[in-house]
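This report concerns only the one structure given below.
Read-outs throughout are calculated quantities, based only on the coordinates presented, and are distinct from any laboratory measurement. This one's a predicted model, so the numbers in the text were calculated from it and none came from an experiment. With ideal geometry, Cβ positions are generated from the backbone for all residues, glycine too; neighbour counts draw on all protein chains shown.
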């Protein structure tokens with residue numbers, strides 16, 4: 001063998017060895033099991049098409065970063081599962097794959113349809129949005145655009161989930177005569193004309209009516225599905241859980257961070273939607289929970 005041929009052979013062999021090593025690492029990476037019989041739920045809010053250098057508001061993630069998140073989850077062997085599969089796991093102990101992840105979005109912004117949905121489709125990923133019913137029923141020219149029922153029907157036809165963030169309780173209300181405000185879902189609202197706060201029966205009726213009304217709107221517009229609730233502002237108490245159960249809510253989604261195991265009706269979620277959260281940042285956050 002000539003020297004030239006020998007050098008070419010060595011270079012080719014080295015290249016093949018390097019390629020094999022990379023392939024091995026990729027295969028090994030995707031077969032790693034970080035956790036079994038548990039599930040991580042991520043929460044996002046608004047997604048925007050914007051340059052990486054552009055400043056974004058709180059809870060607004062650039063579309064490019066969402067794409068990076070999905071690439072990271074895929075390359076590291078996480079498996080995105082549907083909300084129905086997750087609910088079956090939590091409520092009935094059904095089997096889910098190792099490294100299971102559920103994607104959720106809060107507030108029902110139209111950007112879920114215009115910016116997030118195309119990316120999710122490219123990755124073959126499913127996600128669920130917890131909408132504020134009144135924001136889809138009534139157009140507010142001063143508010144950020146929200147999902148229409150027509151858009152939601154298309155989203156559901158492609159495997160996305162649509163669930164409750166209450167009909168009209170994602171707001172603050174006066175809780176006493178001084179005007180101090182608290183989340184509408186948990187506050188005993190101050191009744192100015194009566195010069196007193198709600199009684200417990202009045203409060204319970206308000207909460208129950210709101211939750212059941214949105215479930216009726218879902219059935220009218222989208223057909224029957226599981227009844228799930230994400231707490232506005234993450235605020236809840238025992239009375240909310242009681243009225244939610246009466247309204248048929250099966251699972252309650254909080255902002256408490258952690259990993260989920262079957263048997264609990266309170267779902268923990270990890271925030272992934274702040275503008276500074278790169279894929280590396282998200283990976284490091286996730287590793288704290290397994």
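With each label point set 7 Å from Cα along the Cα-Cβ vector, what nm distance links residue 276 and residue 59?
1.8 nm
May I ask you to compute the full-extension gain from residue 140 to residue 31, defined as 0.36 nm times their residue separation minus their alpha-carbon distance, rounded to one decimal in nm?
Gain on stretching residue 140 to residue 31: 34.4 nm.
Along the Cα→Cβ direction, 7 angstrom out, place labels at residue 290 and residue 176. What is the inter-label distance in nm?
4.6 nm
What ranking, highest mean first, results for peptides 167-176, 280-289 when packing means the other Cβ atoms within 10 Å averaged over each residue?
Top of the packing list down: 167-176, 280-289.
Would you compute, for the Cα atoms of the chain, the largest minus smallest coordinate along each principal axis and list the three values in descending order, in whole Å?
Its Cα atoms span 101, 42, 36 Å along the three principal axes.
Could you work out how far helix 83-92 tilts from the main Cα principal axis of the chain, as a 0 to 90 degree angle to the nearest 10?
Approximately 70 degrees, to the nearest 10.
Determine the calculated [θ] at 222 nm for the chain from helices alone, applying -39500 (n - 2.57) to every DSSP H run no shorter than 4 residues and normalising by the residue count; nearest 500 deg cm²/dmol.
Taken over the chain, the calculation gives -12000 deg cm²/dmol.
So if I take the centroid of the Cα atoms in region 200-252 and the same for region 82-146, what is the distance between those two points in Å?
A separation of 17 Å, based on Cα centres.
Specify the angular offset, from 0 to 90 degrees and rounded to the nearest 10, of the alpha carbon long axis of helix 200-222 from the longest principal axis of the alpha carbons in the chain.
50 degrees
Rounding to the nearest 10 and keeping the result within 0 to 90°, find how far the Cα-based axis of helix 63-75 lies from the longest principal axis of the chain.
60 degrees
Which length gain, in nm to one decimal place, applies between residue 250 and residue 202 when the Cα-Cα distance is subtracted from 0.36 nm times their residue separation?
14.9 nm
May I ask you to give the average projected area over all directions of the convex hull of the Cα atoms of region 60-160, in nm² rounded to one decimal?
7.1 nm²
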